Amino acid sequence: MDGVLIDSEPLWKIAMEEAFHSVGCMITKKDFQKTVGLRIDEVITYWHQEVGWERLSVKDVENLIVQKMIALIEDNGVPLPGVIDTLEYLKSKNIKLGLGTSSYNVLIEAVLNTLGISSVFDVVHSAEDEEFGKPHPAVYLTVAQELGVSPSKCLVIEDSFNGIISALSARMTVVCIPEKTHTPDPKIEVANYQFATMSLMLNHMKKHV
């Protein structure tokens, strides 16, 4: 979802920087490249161990970031180029659509409602409901199971290395559309396909599928 359906990485950086600074953890937006693709509780735990802070708990900071994110999504959320056209094309071909994301359920709801695509997906699943987040494959394996589709028949669209590893570990084919606000990670080349935008991916699909 994040960085694939919606350009949320800049919003995450704003929300996290404000929240971390409010507890005296003076990391910057550039630092967040280290935790791209992780579940938000894992991100906060990582920085608490690396830098640390007092006064608020990890859970308090998590709640602070999530509430800031909901407000930012509702005020600024727009679909990334090609998203709506791709979803409409896939639905027209009766292809099952599942959403597997590290974001929490309240954030999924905010994004889908803001983008007006709540009814598009056959299955929506958050890694919040799994013991492990990405790069563990659990979230994608659960989506495949609920769709009633073999993992080997699934195509995943990802934007980060952690997400790519998650999907590959689930034995799925992976398209990478790299997130634009971070320095390109050469490791994303392990994905099966790579496109600059979803519009370009859709054009390729129409010619070859």
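Points to keep in mind about this one:
- The stretch 174-209 and the stretch 59-113 have Cα centres separated by 19 Å.
- Highest-MSF residue in the chain out of Met172, Met16, Met26 [GNM, Cα springs under 10 Å]: Met26
- For the stretch 8-84, GluC sites (Glu not before Pro) meeting the loop criterion (DSSP other than H, G, I, E, B) and having at most 14 other Cβ atoms within 10 Å: Glu54.
- Among the chymotrypsin sites (Phe, Trp or Tyr not before Pro) found in the stretch 114-159, those both in a DSSP coil and sparsely packed, with 15 or fewer other Cβ atoms within 10 Å of their Cβ, are Phe132.
- Efficiency of FRET from Cβ geometry, Lys91 and Ser169, R₀ 25 Å, rounded to 0.05: 0.35
- Coil-residue trypsin sites (Lys or Arg not before Pro) of the stretch 21-97, DSSP, other Cβ within 10 Å capped at 14: Arg55, Lys93
- Shape call, the stretch 153-207: gyration tensor on alpha carbons, a/c limit 1.5: oblate
- Long-range amide H partners of Ile6 with built H, under 5 Å: Leu80
- Summarising the strand pairing of the chain, around 10 percent of its internal DSSP beta bridges are antiparallel.
- Rounded to the nearest whole Hz, the Karplus-based 3J(HN,Hα) values (6.51 cos²θ - 1.76 cosθ + 1.60, θ = phi - 60°) of the stretch 23-34 follow the sequence 10, x, 9, 8, 7, 10, 4, 5, 5, 6, 4, 5, with x at glycine and proline.
- Angle of helix 58-76 to the longest C-alpha principal axis of the chain, folded into 0 to 90 degrees and rounded to 10: 50°.
- Positive-end residue of Gly37, Ser166, Asn94, charge dipole of the chain with Cβ unit charges: Asn94
- Summarising the amide proton neighbourhood of Val124: residues at separation of 5 or more, or on other chains, whose placed amide H is nearer than 5 Å comprise Leu99.
- Nearest 10 degrees, 0 to 90: helix 40-50 Cα axis against the chain principal axis: 40 degrees
- Taking amide H positions as modeled 1.01 Å from N, with prolines and chain starts lacking one, the residues under 5 Å from Gln194 and 5 or more places away or on another chain are Cys176.
- Counted by neighbouring Cβ atoms within 10 Å, the residues Thr181, Thr28 run from fewest to most as Thr28, Thr181.
- Cα→Cβ-extended label distance, 7 Å offset, between Lys59 and Asp129, nm: 2.1 nm
- Angle in degrees between helix 198-208 and the longest Cα principal axis of the chain, rounded to the nearest 10: 20 degrees
- Taking Gly133, Gly52, Gly37 in turn, the Gaussian network model of the chain (Cα-Cα springs below 10 Å) assigns the largest fluctuation to Gly52.
Taken together, the values in this text are just the output of simple stated rules run on the coordinates, not laboratory data. The model shown is predicted, which means the values in this text are computed figures rather than measured ones. Note that we place each Cβ from the backbone using ideal geometry, even for glycine, and neighbour counts take in every protein chain shown.
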